[in-house]
């Protein structure tokens with residue numbers, strides 16, 4: 001993986017010189033950067049869930065939020081265990097930073113909402129967020145991951161996040177009634 | 001896991017080889033042991049037929065924790081983490097429909113026949 005990562009890093013450097021915009025491309029991230037994005041994305045959803053537990057009084061929202069915390073924590077534990085086994089560390093990158101900046105804004109916005117308004121916003125964001133991340137994982141990350149074990153973990157993760165997407169869709173239906 | 005282990009141990013002790021067919025171990029006289037694997041957010045098999053006194057064991061092959069919980073909440077395995085297994089004993093008149101409390105789209109049934 002190290003050799004391929006180095007090649008990828010060289011590729012990024014070359015494209016940086018040729019066209020700066022292409023360096024900001026999710027498809028150009030190496031395995032350890034992809035792992036970082038996934039870890040950050042998991043933690044962002046856990047953060048949203050804690051906000052929901054603090055603000056919402058809807059039992060269905062609470063149940064969903066607890067599932068998000070439980071499942072994303074389980075995935076992150078597997079990811080950390082795999083990185084540990086590979087003797088590698090996730091690498092911060094532009095996409096992790098962008099996700100965090102967007103999440104900060106959204107948490108600020110949602111923290112100002114109460115009651116049904118919050119529930120609706122939270123459920124809709126969970127659906128939109130899982131759709132966006134699943135698209136990224138399925139169509140950009142998985143085809144570009146070099147390490148077989150990392151790829152397998154992402155495939156298992158995608159399975160979980162697709163189930164969450166379906167669950168979020170149900171939640172949106174419930175809170176919109 | 002305990003019930004499954006006990007059943008297998010009992011079969012070994014009695015000197016009678018347990019045999020498995022379609023996930024069912026007839027490890028002792030009359031009572032059968034059914035196994036359900038939880039994989040890719042599905043109960044496999046989703047529908048089983050059992051008799052009172054049989055045991056059902058769910059093994060979780062997913063990263064995400066799951067449960068097998070009666071639709072009317074009358075029975076519940078509790079949380080089954082990755083690689084863990086939990087069992088229940090089938091009783092007459094028990095609620096047949098179950099789901100995962102954490103992922104309600106996951107559903108299964110235990111048809112109980114005396």
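The values are calculated or read from the model by the stated rules, or taken from the named source; none is laboratory data. Note that the structure is predicted; figures quoted are calculated from it, not measured. In this analysis, Cβ positions are derived from the backbone assuming ideal geometry, glycine residues included, and neighbour counts consider all displayed protein chains.
In table form, for the structure just shown:
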quantity	calculated
Count of the stretch A:61-81 residues which are away from chain B (no Cβ under 12 Å) and crowded, with 21+ Cβ neighbours inside 10 Å	1
Any hit, the stretch A:97-108, residues being part of a loop (DSSP other than H, G, I, E, B) and either within 11 Å of another protein chain (Cβ to nearest Cβ) or surrounded by 17 or more Cβ atoms within 10 Å (Cβ to Cβ) (or both)	no
Breaking point among (1) within 14 Å of chain B (Cβ to nearest Cβ); (2) surrounded by 19 or more Cβ atoms within 10 Å (Cβ to Cβ); (3) more than 24 Å from residue A:144 (Cα to Cα), for residue A:58	(1)
Every residue from the stretch B:93-114 that is part of a loop (DSSP other than H, G, I, E, B), touching a strand residue (DSSP E or B) at 6+ places or on another chain (Cβ under 7 Å), in contact (Cβ under 8 Å) with a residue 24 or more places away in the chain and more than 14 Å from chain A (Cβ to nearest Cβ)	B:94, B:95, B:113
Flag if residue B:81 is farther than 24 Å from residue B:32 by Cβ and in contact with a strand residue (DSSP E or B) (Cβ under 6 Å, 6 or more places away or on another chain)	no
Residues located in the stretch B:57-78, provided they are within 23 Å of residue A:162 (Cβ to Cβ) and either in contact (Cβ under 8 Å) with a residue 24 or more places away in the chain or in contact with a strand residue (DSSP E or B) (Cβ under 8 Å, 6 or more places away or on another chain) (or both)	B:58, B:59, B:60, B:61, B:62, B:64, B:65, B:66, B:67, B:68, B:69
Qualifying residues in the stretch A:109-150 (those that are crowded, with 16+ Cβ neighbours inside 10 Å and out of contact with any helix residue (DSSP H, G or I) (no Cβ under 6 Å at 6 or more places or on another chain)) - the one nearest to residue A:79 (Cα to Cα)	A:136
Considering residues of the stretch B:53-88 that are away from every other protein chain (no Cβ under 13 Å) and touching a helix residue (DSSP H, G or I) at 6+ places or on another chain (Cβ under 7 Å) only, the residue nearest to residue A:154 (Cα to Cα)	B:85
Filter pass, residue B:83 being modelled with pLDDT under 95, part of a loop (DSSP other than H, G, I, E, B) and either surrounded by 15 or more Cβ atoms within 10 Å (Cβ to Cβ) or over 11 Å from the mean Cα position of the chain (by Cα) (or both)	no
Complete set of residues in the stretch A:145-171 that are more than 14 Å from residue A:38 (Cα to Cα) and touching a residue at least 24 places away in the same chain (Cβ under 8 Å)	A:146, A:147, A:149, A:162, A:164, A:165, A:167, A:168, A:169, A:171
